[in-house]
Every structure is written in structure tokens, then in C-alpha cells.
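Contents: one structure, followed by commentary.
The values are calculated or read from the model by the stated rules, or taken from the named source; none is laboratory data. Quick caveat, the model's predicted, so the values are computed rather than measured. For neighbour counting, all protein chains shown are included, and Cβ atoms are generated from backbone atoms with ideal geometry for every residue, glycine included.
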């Protein structure tokens, strides 16, 4: 699946980063606790419609006295299979997510936004240019750091970060100079997630195989910022959805998850490609005594791709981060 862009960007001139090393055994964390592996059963939060029948919405910064969202939770027990050991069975093209292992990095602290953009952004750019078929140019437009002590904790609700509408709005916002060309079908948006304090034991990321998700499972949610409105998607429970997690994610692991984008409309049968995700709250129960909660970094990426050479089947990736 590895490809090289036809027009190299500065990311291709990066020197090889030094890989972080660890003497800890593969199956224990830094405290010597065993890393949970294999199939697990956990409760995930799915969409429950507003009781008053109003259109669903949520606020990034709710006004005083106003609830952050007007829709509820439908908790359902699901079985999640472990991706560990079968990583090569999944891809962005068929499942809307992919995994990369042994990825070195020269950034280790992730406390300085300027350094993250200077050091880590080019590393993510190179990762995608080297591994995503048809990638020609990459633009990283945002990142989110989730820490147990911060105000951006793991999201324990199944959702999609973008919809086709909000993905197009992102293009207009971050690339106004070539938005017209991109919106004709020449862009994709991908989330790249990595741990900061691996191996992950608390709140691992859950993803659903896009081929098992139906259009009717997805509910657009108006996402209200202080100065504009965007759109995310909530997810209704469907027993046919197949769920996965990647046990014991290490700092050298990367999980790429695809977001709706107009490039999919000109590929194969023109069906949408979406990633739905959620953190798995049930993993926390056995870990509280050890006080191990995960920290992680989302990088949101927009990249240009040729129309030719890209083939997609129907894929949605359900996720909860």
C-alpha cells in the first residue's frame, strides 16, 4: 500500500527520526500491570433523539445555563475484537481505518504547540505521503491533545468528527485559495491518532468496520461554535456493526481514520467514506487502582489526491475518542 507522492513536499526531506526505545515487555505497562488483549465487551454510548423532537445540536461553549447538547445517550453492550496481530487485514480503502507500527518521532513531550507544528506535523505529513495511495500534498490544519488532567478528556460517545457538509466547510476555511478545485472531488480528510503515554490501557479507541455501517445509522448534529456552526454526526446503535480496538497501543503506533470527503464521490461507486469512533470507558474499571489513563494526540489532515488510482468500497468508520 506504500506509495510516494509525485511532487515531494518538505516532509520527504526529513531525516530519519530516532525511534524511541523501551525495555518494558510487550505485555505489561510501566507499572508491570498486564495489558488487556483479545476480544472485550463494553458499553458504548449511541444516539438517543431529543424528547421534544427538536433537531439535535451541541455547543462547543454552551451559553450560561444552557445544556451542552439536547440529545441523550443510548448505552449498548458491544463486543470489540482486537486488531493486534491482524493489522494487515484492514485498510483505509476498505474499512476507513488503517494502522501503522514502529513509527519513530523526534517529538516526545507534546507540551509546546509551536514545537508540535514544527517537528510532529512534518512527521505526520511524511507518514501519509508514504502510505496513502494517491496522496500528492498534505495540509495539517488542527490537532487535539487529550489528557486525563485536561479539559479535553477522551470522548465516550460514538460519533463522526465531520460530515460531508462540515468537511467542505473545513476546506473553505483552511484552503480558500484552492477550495473550488478541491470541492470538485480532489481532497480527503484523515484523522491520525497516537498515544502519548503508551502502552494504552485506559480508554482505548474503538472503531467500527465501515462496511458494516448503514446510512440510516448516522444522524447529523449541528455543532455550534461561538462564531460559526459546523456539523458532526451522532450514531444510532445497529447490531450489525462490527467493532474493533487496538490493544496496548504504543507511542510508536499510529491509527489513521478517514472522515467524509468529496473525493469519495468520484471514486468507485461514489459512496461515502466515514470514520465513527469512541473511547471504551469499560476498560477503566480494572485500571483505576493503578491510576493509568491514556493521553493521546489527534491530528486532522487534509490532503490532495489524484482522481485516478484510488478505489473505495462503501466505508464508514465508527469511532469514539
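The table that follows gives values for the structure above.
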| read-out | value |
| --- | --- |
| Residue 200 being in a loop (DSSP other than H, G, I, E, B) and under 19 Å from the mean Cα position of the chain (by Cα) | yes |
| Among (1) surrounded by fewer than 13 Cβ atoms within 10 Å (Cβ to Cβ); (2) over 19 Å from residue 37 (Cβ atoms) - the single one residue 101 does not satisfy | (2) |
| Residue in the range 1-38 that is modelled with the highest pLDDT, counting only those that are surrounded by fewer than 12 Cβ atoms within 10 Å (Cβ to Cβ) and touching a strand residue (DSSP E or B) at 6+ places or on another chain (Cβ under 7 Å) | 38 |
| Tabulated pairs, the range 245-270, first on the phi > 0 side of the Ramachandran plot and surrounded by fewer than 24 Cβ atoms within 10 Å (Cβ to Cβ), second at pLDDT below 90 and assigned to a loop (DSSP other than H, G, I, E, B), C-beta under 6 angstrom, 6+ apart or interchain | 248/35; 248/199; 268/311; 268/312 |
| Meets criteria (outside any loop (DSSP other than H, G, I, E, B), buried (at least 23 other Cβ atoms within 10 Å of the Cβ), at pLDDT 90 or above and touching a strand residue (DSSP E or B) at 6+ places or on another chain (Cβ under 8 Å)) for residue 276 | no |
| Members of the range 99-121 found to be within 20 Å of the chain's Cα centre (by Cα), within 17 Å of residue 145 (Cα to Cα) and not in a loop (DSSP other than H, G, I, E, B), listed by number | 113, 116, 117, 120, 121 |
| Matching residues, the range 52-91, being crowded, with 18+ Cβ neighbours inside 10 Å and touching a helix residue (DSSP H, G or I) at 6+ places or on another chain (Cβ under 9 Å) | 83 |
| Output for the range 122-148, where each listed residue is assigned to a loop (DSSP other than H, G, I, E, B), farther than 13 Å from residue 256 by Cβ and touching a strand residue (DSSP E or B) at 6+ places or on another chain (Cβ under 8 Å) | 134 |
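Residues checked against (1) under 14 Å from the mean Cα position of the chain (by Cα); (2) under 19 Å from residue 255 (Cβ atoms); (3) surrounded by fewer than 19 Cβ atoms within 10 Å (Cβ to Cβ); (4) at pLDDT 85 or above:
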site	(1), (2), (3), (4)
125	no, yes, no, yes
132	no, yes, no, yes
136	no, no, yes, no
149	no, no, yes, no
152	no, yes, yes, no
160	yes, yes, no, no
163	yes, no, no, no
166	no, no, no, no
